[in-house]
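Chemist: Sharing a structure below in structure tokens format, with a few things to ask.
The values are calculated or read from the model by the stated rules, or taken from the named source; none is laboratory data. Please read all numbers here as calculations on a predicted model, not as lab measurements. Ideal geometry is used to build each Cβ from the backbone, glycine not excepted, and the neighbour counts take in all protein chains shown.
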Amino acid sequence: MPELPEVETVRRSLERRIVGRTVTDCIVRETRFRTPLDPAALQVALRGRRIVGVERRSKYLLIALAGEDVLVLHLGMSGRLDLARRGTAFLPHTHVQLELDGGDELRFSDPRRFGMLFVTSRAALPAHPRFTGLGIEPFDRGFTVDYLLDRGRSSRRPVKNFLMDARVVVGVGNIYASEALHRARVRPSTSVRRLSPQRMRCVHASVRAVLASAVRAGGTTLQDFRDTDGHAGRFQVRLRVYDRAGEACHRCGRTIRRIVQAGRSTFYCPGCQH
DNA sequence: CGGGCGGCCTGGAGGC
DNA sequence: TGCCTCCAGGCCGCCC
């Protein structure tokens with residue numbers, strides 16, 4: 001479900017409400033995730049620990065605890081975090097609860113179980129297998145047109161797949177890759193190394209613009225995305241191509257097409273993307 | 001060895 | 001109503 005704007009939206013809503021709180025207990029009711037969860041390790045690391053910060057790296061949420069440890073959380077496709085009063089009704093597939101002082105609890109639900117959570121030390125994080133290969137953050141200073149040109153120089157792959165490659169740049173998933181390329185007027189099937197510097201500059205600016213705009217809108221809610229307070233995103237009404245196959249392009253009027261690239265749906269306008 | 005593809009899961013939508 | 005197929009916002013490992 002979540003790409004950078006959705007994860008960042010969750011991060012902000014979490015940060016407002018859990019920093020300074022202490023985890024009193026951790027209840028695990030499901031351990032079968034893609035990487036199996038170790039309840040004992042989680043409980044030992046979390047119980048009695050104060051939450052000192054909430055950060056994001058790529059599509060991972062990092063809940064920093066007093067001391068050296070960090071709770072790492074990934075929402076996968078269907079993961080969701082909810083902050084709620086203890087004892088209130090909870091969503092189906094609520095697999096983990098963090099009980100907080102003051103009577104609230106943070107609930108992690110994930111029907112498809114593509115998500116993951118684990119505890120590691122802050123020092124070990126960069127070397128963790130899930131983090132070592134990660135590319136640059138799209139809002140870091142190092143994410144430049146030259147960086148993209150350099151990384152794309154020897155690659156014949158389609159620019160859409162390139163943008164979705166987390167080894168190149170993190171946070172761009174299936175929705176925002178299509179949206180950024182529409183904004184840039186670049187056809188998703190274009191080979192990266194065939195993009196002129198001018199067109200790459202446009203792709204670069206469009207990635208940032210689309211992501212920033214989606215963050216401001218609180219993410220995209222297609223079916224079930226919510227922040228930790230249960231609020232839906234508002235970017236779905238601004239989508240220009242994603243999930244609009246057969247509809248008219250708002251820019252040129254031509255009919256939006258759906259194709260499949262690397263096993264994922266891609267949407268583009270044949271009229272104004274070349 | 002870069003990168004496409006199948007698989008991991010559940011659930012919702014749509015066809016018959 | 002049921003049963004089938006297809007599809008879904010991510011990621012990993014296999015294998016060409």
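Chemist: Test A:Q223 against the criterion of being under 19 Å from the mean Cα position of the chain (by Cα), surrounded by 15 or more Cβ atoms within 10 Å (Cβ to Cβ), more than 20 Å from A:P138 (Cβ to Cβ) and within 13 Å of DNA strand C (Cβ to nearest atom), and give yes or no.
Modeler: Taking the combined requirement at face value, the residue does not satisfy it.
Chemist: Something else: Criterion first (at pLDDT 95 or above, outside the structural domain of A:T228 (by TED's automatic domain parsing), touching a Gly at 6+ places or on another chain (Cβ under 6 Å) and within 16 Å of DNA strand B (Cβ to nearest atom)) does A:G135 satisfy it? It would help to see each step written out before you state the result.
Modeler: Numbers: at pLDDT 95 or above: yes; outside the structural domain of A:T228 (by TED's automatic domain parsing): yes; touching a Gly at 6+ places or on another chain (Cβ under 6 Å): no; within 16 Å of DNA strand B (Cβ to nearest atom): yes.
Against the criterion (at pLDDT 95 or above, outside the structural domain of A:T228 (by TED's automatic domain parsing), touching a Gly at 6+ places or on another chain (Cβ under 6 Å) and within 16 Å of DNA strand B (Cβ to nearest atom)), A:G135 does not qualify.
Chemist: Another one. Might you check whether a residue that is aliphatic (A, V, I, L, M) and within 26 Å of A:G219 (Cα to Cα) occurs anywhere in the stretch A:29-49?
Modeler: Checked against the condition, which is being aliphatic (A, V, I, L, M) and within 26 Å of A:G219 (Cα to Cα), the stretch A:29-49 yields no hits at all.
Chemist: For the stretch A:136-162, name all the residues that are surrounded by fewer than 17 Cβ atoms within 10 Å (Cβ to Cβ), outside any helix (DSSP H, G or I) and touching a residue at least 24 places away in the same chain (Cβ under 8 Å).
Modeler: Matches in the stretch A:136-162: A:E137, A:F139, A:T144, A:R153, A:S154, A:S155, A:R156, A:R157.
Chemist: Still on this structure, I have one more. Which of the residues that make up the stretch A:49-66 are farther than 15 Å from A:I18 by Cβ and either away from DNA strand C (no atom under 16 Å from the Cβ) or of a type in the set (K, R) (or both)? It would help to see each step written out before you state the result.
Modeler: Of the stretch A:49-66, the ones farther than 15 Å from A:I18 by Cβ are A:57-60.
Scanning the stretch A:49-66 gives A:R57, A:K59.
Chemist: Moving on. Scan the stretch A:226-262 for residues that are among the acidic types (D, E), more than 15 Å from DNA strand B (Cβ to nearest atom) and either loosely packed, with under 15 Cβ neighbours inside 10 Å or at pLDDT below 95 (or both) and jot them down.
Modeler: Here is the first cut: in the stretch A:226-262, the residues among the acidic types (D, E) are A:227, A:229, A:243, A:247.
Going one step further and asking which of them are more than 15 Å from DNA strand B (Cβ to nearest atom), we end up with A:227, A:229.
Scanning the stretch A:226-262 gives a single hit, A:D229.
Chemist: Among all residue pairs at least 6 apart or on different chains, which show Cβ distances below 8 Å where the first residue, located in the stretch A:13-29, is assigned to a loop (DSSP other than H, G, I, E, B) and the second is β-branched (V, I, T)?
Modeler: Qualifying pairs under 8 Å: A:V19/A:I51; A:V19/A:V52; A:V19/A:V54; A:G20/A:I51; A:G20/A:V52; A:R21/A:I51; A:R29/A:T94; A:R29/A:V96.
Listed here are the residues, each with its yes/no results for (1) surrounded by fewer than 18 Cβ atoms within 10 Å (Cβ to Cβ); (2) within 19 Å of A:V19 (Cα to Cα).
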position	(1), (2)
A:E68	yes, yes
A:S78	no, no
A:L81	no, yes
A:R85	yes, yes
A:D101	yes, yes
A:D110	no, no
A:A123	yes, no
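Chemist: Only one residue in A:L71, A:L62 is farther than 28 Å from A:F267 by Cα and in contact (Cβ under 8 Å) with a residue 60 or more places away in the chain, so which one is that?
Modeler: Details: A:L71 fails: in contact (Cβ under 8 Å) with a residue 60 or more places away in the chain.
Answer to the check: A:L62.
Chemist: Tell me which of these A:A127 doesn't satisfy, since it passes every other one: (1) within 16 Å of DNA strand B (Cβ to nearest atom); (2) of a type in the set (A, V, I, L, M, F, W, C); (3) over 28 Å from A:R17 (Cα atoms).
Modeler: A:A127 satisfies all of (1) within 16 Å of DNA strand B (Cβ to nearest atom); (2) of a type in the set (A, V, I, L, M, F, W, C); (3) over 28 Å from A:R17 (Cα atoms) except (1).
Chemist: Count, please, the residues in the stretch A:198-221 that happen to be touching a helix residue (DSSP H, G or I) at 6+ places or on another chain (Cβ under 8 Å) and without any contact (Cβ under 8 Å) to a residue 60 or more places away in the chain. Can you show your working first?
Modeler: If we filter the stretch A:198-221 for residues that are touching a helix residue (DSSP H, G or I) at 6+ places or on another chain (Cβ under 8 Å), which is where we start, we get A:199-207, A:209-211, A:213-215, A:217-221.
From the residues that got through so far, the ones that are without any contact (Cβ under 8 Å) to a residue 60 or more places away in the chain too are A:199-203, A:205-206, A:209-210, A:213, A:221.
Final tally of qualifying residues: 11.
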